[in-house]
Amino acid sequence: MGQSASTAGPTRRDGNSLSHSHRMRARSTAAVISPASLSEEDLDFPAPDPDTDHDHDSDRDRDPDPDYISYLPDECLACVFQSLTSGDRKRCSLVCRRWLLVEGQSRIRLSLDARSDLLPSIPSLFSRFDSVSKLALKCDRRSPSIGDDALVLISLNCRNLTRLKLRACRDLTDSGMAAFAKNCKGLKKLSCGSCSFGAAGMNALLDHCASLEELSVKRLRGIVEGAAIEPIGPGKAASSLKTICLKELYNGLCFGPLIIGSKNLKTLKLYRCTGDWDKLLEVFGERGSCLVEIHFERLQVSDRGLGAVSNCLELEILHLVKTPECTNAGLVAVAERCKLLRKLHIDGWKTNRIGDEGLIAVAKRCVNLQELVLIGVNPTSLSLGQLAANCPNLERLALCGSETIGDAEISCIAAKCVALKKLCIKSCPVSDQGMEALAGGCPNLVKVKVKKCRGVTNEGAEWLRASRGSLAVNLDTGVVDHLEASASDGGGGIQENVAELPAVVNHIAAADVPPTSAGRSGLSKARLGLSAGRNLLLCTFRRLSSINNSSSHSN
C-alpha cells in the first residue's frame, strides 16, 4: 500500500535499491499462500548467494538501530492498528506517511461531529478513510447539524456503508433520507435519535435498503402526536429485518405495518411509546411469529397483549418493565406456551399484580430458565422453592425492592438453588442471618452483591467471605437514592452478552421502593447536613466578628 518515508531498504549486490513495496509484496504473498497450493516449479528456489547474504548481514550489522517495523507487511500493520483505541490510532497516523495511509485504509469504524461545517471536509475525509463501513454522525443539540447535501455527499463517497447512526441531526429532511437510501442500498443497520425527518424518509429507507436487518428509532421528531401520519412499512426491508427497537415515540403505532410485515423478526423492543398496543400485538400473534426476544417498558399493554405474545413459541427472552396492566393471568399464558424461555425480567412497579401465581407457572413450564430478575415484585418461599426445584439451570437471580424477601427466603434459595452462580439482593429486609445461610448453600455460587439491605452488616459480609474464600462478596450499605431510572437506560439491566447481575439494580428508582428505616435515615442525614452547614456559617461569622473586634481594639 504505502511506503515508509523514513527508512531506506537494504541494497542488492548490483547496487540497485530494493524498494519497500517489493519486500512487502514478497512477504504478503508468503503469508497468504499455503504450501499445499505450490507446485514443484514454485518450490525450485535458486541456490543462496553467499556474497548477497553477506551484504545483507553486513548492512544489518552496520545499522545500530534497525527499523524492523518497516519489514512488516501493510496487512500485519493494519491488524496491529485494529487492536488499538481510537486515540492511539490517531497518534500512530502521525508517525509517518506509510502509517497514515495504512491507518486510514484499514479503519472500518468512524465517528464524526455532524455539525453543519462538516460539509467541505467530506470528500477529503472519505478519500483517506475509504474502507469505512460503520459510520456515526452525532451533533450537539445546540449546534446546527448537517443537512441533506452533506448526507447525500457522504452516501456518494462512502460506498461500503453498512451501518449508520444518526444523533440530533435535526436538519435532515425526508428528501435527504430518500436520496441517501438510493445510494446506500447495502445498509444493514440504522439507528437514529432526535432527528427531524418523518414517515416519508423512513419509508424511503425501507423501500430501497432491502438488506436492512436492524432498525432503532428514538424520538423521531417528524412523527408527532395528532398529525395525519402515513403508515410506515413494510417495504422491501420487511423480509430481512431481524430487530426493531422503538423508543419514546408519540405515534409509535404508525410502525405497525412494519412490525406485522416483518416475517423474520427475532427481536422486538418497545420503550415508552404511546398508544394501545394490545390490538397490534394480537394481529401480530395471529399470523405466527418467530420472535425470540421481547422488551416492553412503560407501555400500554395488558394481559390481552401477553396472550398474543404467548403465540411466539420460540420466545427465549422476555422483559416486562413497569407495565401495570400485566397481571399473573398474562404471565401464566406466556409460561404455558413459551416453554423455551431462558431469561425473564419483571419490574412490577409495586402494583402487586404479578406474584407467586405467575412465578409458579413459570417454574412448572419454563424449565430452561437461566436468569430471573424481579424488581418491585413480592415472591415468597412458595414460588422461589418451585423455581429452584423445577429450573435446574437457574444461574443468575436478582431480587430488588421486595418486601417479602427476608432471611427465610434467602435460606430457601441457598438450600435449593444448586446451579446458582450470581445473586443480587437490593433493598430487601435481609440480615446477617441470610448471609450465614448462603455460606452453607449454593455450591456453585461465584458472586453475591448486597446493596441497601439495612440488616446486613460489614461483619456479616466479612464472615461470608471468610467462610467461602472463592466467593466474591460485594456489600453496599448506602441509603436509597431518590433518582428515577429505567431498565432501558445505558448501563442498566442485564444485557444479552453480559453475565454481571449487579448492573441491573443500579437503575432502580427509589420511588419504587417502599419507605423504610433506610429512607428515614437518609432524610435524617440530610437534615443533619443542613444543620451542620448552618452551624459552620454561624461559627464563621463569629470568628470574623471577633477578628474585627480585636483589630479595632489594637487600633
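Could you please let me know if residue 405 is open to solvent by less than 10 Å² (accessible area, probe 1.4 Å), in a helix (DSSP H, G or I) and within 20 Å of residue 451 (Cα to Cα)?
So residue 405 does not fit the description; no.
Please find, among 318, 313, the residue that is open to solvent by less than 10 Å² (accessible area, probe 1.4 Å) and not hydroxyl-bearing (Ser, Thr, Tyr).
Selected residue: 318, the only one of 318, 313 that is open to solvent by less than 10 Å² (accessible area, probe 1.4 Å) and not hydroxyl-bearing (Ser, Thr, Tyr).
Name every residue in segment 345-391 that is basic (Lys, Arg) and either out of contact with any helix residue (DSSP H, G or I) (no Cβ under 7 Å at 6 or more places or on another chain) or closer than 19 Å to residue 334 by Cα (or both), in order of residue number.
Within segment 345-391, 353, 364, 365 meet the criteria.
Any residue in segment 437-463 that is over 16 Å from residue 425 (Cα atoms) and touching a residue at least 12 places away in the same chain (Cβ under 8 Å) sitting within a Cβ distance under 8 Å of a residue that is part of a loop (DSSP other than H, G, I, E, B) and of a type in the set (Lys, Arg)? List the pairs, counting only those 6 or more apart or interchain.
Qualifying pairs under 8 Å: 444/421.
Consider residue 353 against the criteria (1) over 20 Å from residue 272 (Cβ atoms); (2) in contact (Cβ under 8 Å) with a residue 24 or more places away in the chain: it satisfies all of them except one. Which criterion is unmet?
For residue 353, the failing item is (1).
Going residue by residue through segment 217-235, is there one that turns out to be surrounded by fewer than 20 Cβ atoms within 10 Å (Cβ to Cβ), under 21 Å from the mean Cα position of the chain (by Cα) and under 30 Å from residue 350 (Cβ atoms)?
Scanning segment 217-235, I find at least one residue that is surrounded by fewer than 20 Cβ atoms within 10 Å (Cβ to Cβ), under 21 Å from the mean Cα position of the chain (by Cα) and under 30 Å from residue 350 (Cβ atoms), so the answer is yes.
Out of all the residues in segment 347-386, which are part of a helix (DSSP H, G or I), hydrophobic (A, V, I, L, M, F, W, C) and closer than 17 Å to residue 425 by Cα?
Kept after step one, since they are part of a helix (DSSP H, G or I), are these residues of segment 347-386: 356-365, 381-386.
After this cut, where a residue has to be hydrophobic (A, V, I, L, M, F, W, C) as well, the list is 359-363, 382, 384.
The answer is 384, and nothing else.
Does residue 305 satisfy being under 23 Å from residue 222 (Cα atoms), part of a helix (DSSP H, G or I) and either touching a residue at least 60 places away in the same chain (Cβ under 8 Å) or open to solvent by less than 20 Å² (accessible area, probe 1.4 Å) (or both)?
Here the answer is no, as residue 305 does not meet what is asked.
Checking residue 137 against (1) under 16 Å from residue 209 (Cα atoms); (2) in a strand (DSSP E or B), which single condition isn't satisfied?
Going through the list (1) under 16 Å from residue 209 (Cα atoms); (2) in a strand (DSSP E or B), residue 137 breaks only (1).
Out of curiosity, is residue 142 assigned to a loop (DSSP other than H, G, I, E, B), free of Cβ contacts under 8 Å to residues at least 24 places away in the same chain and of a type in the set (D, E, K, R)?
Considered against the rule, which asks whether it is assigned to a loop (DSSP other than H, G, I, E, B), free of Cβ contacts under 8 Å to residues at least 24 places away in the same chain and of a type in the set (D, E, K, R), residue 142 comes out as yes.
This table checks each residue for (1) in a helix (DSSP H, G or I); (2) in contact with a Gly (Cβ under 7 Å, 6 or more places away or on another chain).
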| residue | (1), (2) |
| --- | --- |
| 160 | no, no |
| 180 | yes, no |
| 185 | no, no |
| 191 | no, no |
| 196 | no, yes |
| 210 | no, no |
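Just wondering, is there one or more residues in segment 83-90 that are in contact with a Phe, Trp or Tyr (Cβ under 6 Å, 6 or more places away or on another chain) and either of a type in the set (D, E, K, R) or open to solvent by less than 20 Å² (accessible area, probe 1.4 Å) (or both)? Let's see the steps before the verdict.
Here is the first cut: in segment 83-90, the residues in contact with a Phe, Trp or Tyr (Cβ under 6 Å, 6 or more places away or on another chain) are 89.
Remaining after also requiring either of a type in the set (D, E, K, R) or open to solvent by less than 20 Å² (accessible area, probe 1.4 Å) (or both): 89.
Yes, the conditions are met somewhere in segment 83-90.
Any idea which residue in segment 262-276 is most open to solvent (accessible area, probe 1.4 Å), counting only those that are of a type outside the set (D, E, K, R) and within 16 Å of residue 214 (Cβ to Cβ)?
Among those residues, the one meeting the criterion is 264.
Just need a number here: residues in segment 441-462 that are outside any loop (DSSP other than H, G, I, E, B) and buried (at least 16 other Cβ atoms within 10 Å of the Cβ).
Count: 8.
What about residue 279, is it open to solvent by 10 Å² or more (accessible area, probe 1.4 Å) and either more than 14 Å from residue 216 (Cβ to Cβ) or in a helix (DSSP H, G or I) (or both)?
Taking the combined requirement at face value, the residue satisfies it.
Taking segment 91-128 as the search range and keeping residues that are assigned to a loop (DSSP other than H, G, I, E, B) and open to solvent by less than 20 Å² (accessible area, probe 1.4 Å), which one is farthest from residue 195 (Cα to Cα)?
Top of the filtered list is 93.
So how many residues does segment 246-257 have that are touching a residue at least 40 places away in the same chain (Cβ under 8 Å) and surrounded by fewer than 20 Cβ atoms within 10 Å (Cβ to Cβ)?
1
Checking residue 437 against (1) within 23 Å of residue 477 (Cβ to Cβ); (2) crowded, with 24+ Cβ neighbours inside 10 Å, only one condition comes out false. Which one?
(2)
Take the residues in segment 282-301 that are under 18 Å from residue 264 (Cβ atoms) and open to solvent by less than 10 Å² (accessible area, probe 1.4 Å), then tell me which one is modelled with the lowest pLDDT.
The selected residue is 285.
The values are calculated or read from the model by the stated rules, or taken from the named source; none is laboratory data. Predicted model only: the values in this text are computed from it and were never measured. Ideal geometry is used to build each Cβ from the backbone, glycine not excepted, and the neighbour counts take in all protein chains shown. Ligands, DNA and RNA are stripped out before the accessible areas are found, and what is left, the full protein with its side chains, is counted by its heavy atoms. Shrake-Rupley method; radii C 1.70, N 1.55, O 1.52, S 1.80 Å.
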